[in-house]
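Step one of this worksheet: look at the structure below.
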Amino acid sequence: MAQDEILIRGGRIIDPASGVDMVGDVLVSGGTIWKVGKKINHSRSAKVYDAGGLVVSPGFVDMHAHLREPGREDEETIESGAKAALKGGFTSIVAMPNTDPPIDSEGMVRLVIEKGEGAGAARVFPMAAITKGLKGESISEMAHLREAGAVAFTDDGNPVSNAGTMRRALEYASMLECPVVSHCEETSLTKGGAMNEGAVSTALGLKGIPSVAEEIIVARDILLSGFTGGRLHIAHMSTKESVDLIRRAKKMGTKVTAEATPHHIALTDELLRSYDTNFKMNPPLRKEDDRMALIEGLRDGTIDCIATDHAPHTEIEKDVAFDDAPFGVTGLETALGVLITFLVEAGHLTLEQMVEKLSLSPSKILGLSSGTLRPGAQADITVFDPHLEWTVSPDDFLSKSRNSPFCGMKLAGHAVLVLVSGRALYESSKERMAPRGNQPA
């Protein structure tokens with residue numbers, strides 16, 4: 001056995017892939033999970049972490065993050081985003097292609113991979129553009145992009161408005177055995193909109209973005225997925241009808257998966273009465289019945305996973321009139337606390353269900369080898385304290401941007417130790433988790 005052993009001792013081990021939920025030990029050696037059990041002997045050279053009262057889970061995977069590099073390194077870089085992800089408990093993140101230039105060439109795919117490897121933090125996987133230049137016209141060289149390392153395809157930030165183009169993308173991606181991720185927005189209905197269309201937008205005098213603008217494209221792309229047999233993934237769902245459409249599609253056997261974001265799960269458009277631009281995102285915060293529909297979709301399996309849609313912006317960009325501010329909020333460092341507070345502590349999801357939505361499900365959708373603590377698997381592990389209370393302070397973020405809708409909010413749950421390939425790359429609460437080397441078995 002390799003000498004670089006780590007033993008995580010006495011934690012509550014939750015591994016949905018194996019059906020494991022027990023108090024025990026996890027032994028890591030040579031970058032892989034060596035053993036999971038009630039009490040594991042270890043060598044004297046092992047580094048031992050006391051995880052009593054903590055949860056030990058497969059590393060979280062965020063399949064939707066905007067890292068802004070290249071083009072807007074003032075907002076975020078691949079390195080800063082990967083480090084922020086680690087602090088949030090994520091061992092893998094997927095970089096969206098709406099950079100400048102966009103990720104629509106083999107060179108750009110390789111650049112993201114190389115920058116991610118050089119960051120020495122969370123794993124970074126590129127998602128490539130469906131169309132060249134994100135213009136919604138010509139299909140990108142999908143086979144070459146896939147071979148270079150792209151895990152999926154999306155024009156996120158822009159919808160693919162042409163149904164024929166979306167059809168071809170689904171057909172090509174089907175041959176490449178990966179999903180097409182749809183940003184569902186009928187732009188003829190959203191142009192000039194700043195928030196959800198409804199009573200609040202009317203009261204505030206802001207142009208609204210109607211829920212039907214999302215639902216039209218959700219319905220269209222579900223039909224195209226059924227017609228082509230291609231794998232469709234719906235990004236950042238926000239409306240009740242979108243959930244119902246996907247629920248019906250799954251019952252019919254359509255190859256569709258979906259994600260929801262922490263901010264859509266926790267917040268509603270009522271918060272925009274403050275005119276705080278940190279609540280401005282696309283799709284916008286919706287009504288309470290939409291929020292509860294998302295929660296029910298997570299509970300019954302209609303919504304497969306949770307993704308942050310981490311979209312950093314500088315303070316200068318957000319400190320303008322509401323109509324003029326860009327869409328987007330940060331999310332990597334607050335996701336776990338938001339989900340434990342608004343889903344687990346609220347009684348909507350169990351910890352096991354939450355862990356599955358953050359680890360196993362996104363790994364399966366993207367065909368990654370992560371998402372499990374089975375012996376022999378890569379040792380990507382998140383240890384978190386589900387009871388640790390903390391207050392969101394953007395000044396403490398590792399992200400380069402501070403545009404969080406959760407500023408000042410008290411949350412429960414935070415990552416304490418994060419391992420990537422068996423290396424402890426993030427540690428917090430060191431007094432509690434102090435490693436003890438050279439301990440007897």
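The values are calculated or read from the model by the stated rules, or taken from the named source; none is laboratory data. Just so it is clear, the model here is predicted, and its values are computed rather than measured. Here the Cβ positions follow ideal geometry from the backbone for every residue, glycine too, while neighbour counts run over all protein chains shown. Ligands, DNA and RNA are excluded from the accessible area calculation, which covers all protein heavy atoms including side chains. Shrake-Rupley method; radii C 1.70, N 1.55, O 1.52, S 1.80 Å.
For segment 192-341, the Kirkwood hydrodynamic radius from C-alpha pairs, put into Stokes-Einstein at 10 °C and a viscosity of 1.306 mPa s, yields a diffusion coefficient of 100 µm² per second.
Listed by chain and number, the lysines whose C-alpha is less than 24 Å from the C-alpha of Lys240, apart from same-chain residues fewer than 8 away, are Lys191, Lys207, Lys250, Lys251, Lys255, Lys280, Lys287, Lys357. Calculate how steeply helix 78-87 sits against the longest principal axis of the alpha-carbon atoms of the chain, using the helix alpha-carbon long axis, and give the answer as 0 to 90 degrees to the nearest 10. So the helix axis and the longest Cα principal axis differ by about 60 degrees. Heavy atoms of the protein chains alone define the surface here; on that basis the chain has 37 Å² accessible area per residue at 1.4 Å probe size. Of the trypsin sites (Lys or Arg not before Pro) found in segment 8-76, the ones in coil according to DSSP and having at most 13 other Cβ atoms within 10 Å of their Cβ are Lys38, Lys39, Arg44. Take each peptide in 253-260, 343-350, 151-158, 316-323, count the other Cβ atoms within 10 Å of every residue, and average; sorted highest first, the result is 151-158, 253-260, 343-350, 316-323.
Given N residues in segment 311-441, what is Rg(Cα) / (2.2 N^0.38 Å)? Taking N as the residue count of segment 311-441, the ratio is 1.24.
Taking R0 as 30 Å, what's the FRET efficiency between Arg273 and Asp300 from their Cβ-Cβ distance, rounded to 0.05? With R0 = 30 Å, the Cβ-Cβ based efficiency is 0.40. Using a 7 Å offset from Cα along Cα-Cβ at Leu189, what residues in segment 200-235 end up with backbone N under 12 Å from the label point? Inside the label zone: 209-220. Of the GluC sites (Glu not before Pro) found in segment 72-141, those that fall in a DSSP loop while having at most 12 other beta-carbon atoms within 10 Å are Glu137. Rounded to two decimals, the Cα-based Rg/Rh of the chain, with Kirkwood Rh, is 0.96. The listed peptides 328-334, 261-267, ordered by packing as a protection proxy, come out as 328-334, 261-267 (highest mean of other Cβ atoms within 10 Å first). For the chain, averaging the sequence separation of C-alpha pairs within contact (under 8 Å, six or more residues apart) and dividing by the residue count gives a relative contact order of 21 percent. Roll a 1.4 angstrom probe over the protein heavy atoms and tell me the percent of accessible area of the chain that is carbon or sulfur. The C+S portion of the solvent-accessible surface of the chain is 50 percent.
The alpha carbons of segment 33-132 occupy a box of 54, 24, 22 Å along the principal axes, longest dimension given first. Treating each Cα of segment 1-79 as an identical point scatterer and summing with the Debye formula, the log10 of I(q)/I(0) at q = 0.11, 0.12, 0.17, 0.23 Å⁻¹ comes to -0.43, -0.49, -0.71, -0.98. The stretch between Ser421 and His387 holds 9.6 nm of extra length on full extension. This uses 0.36 nm per residue minus the Cα-Cα distance. Using only alpha carbons, segment 365-425 has a radius of gyration to Kirkwood radius ratio (Rg to Rh) of 1.07. Once the chain from Ala203 to Val320 is taken as fully extended at 0.36 nm per residue, the excess over their C-alpha distance is 40.1 nm. In degrees between 0 and 90, to the nearest 10, how far off the longest principal axis of the chain does helix 288-300 point, with axes built from Cα atoms? With rounding to tens, the tilt is 50 degrees.
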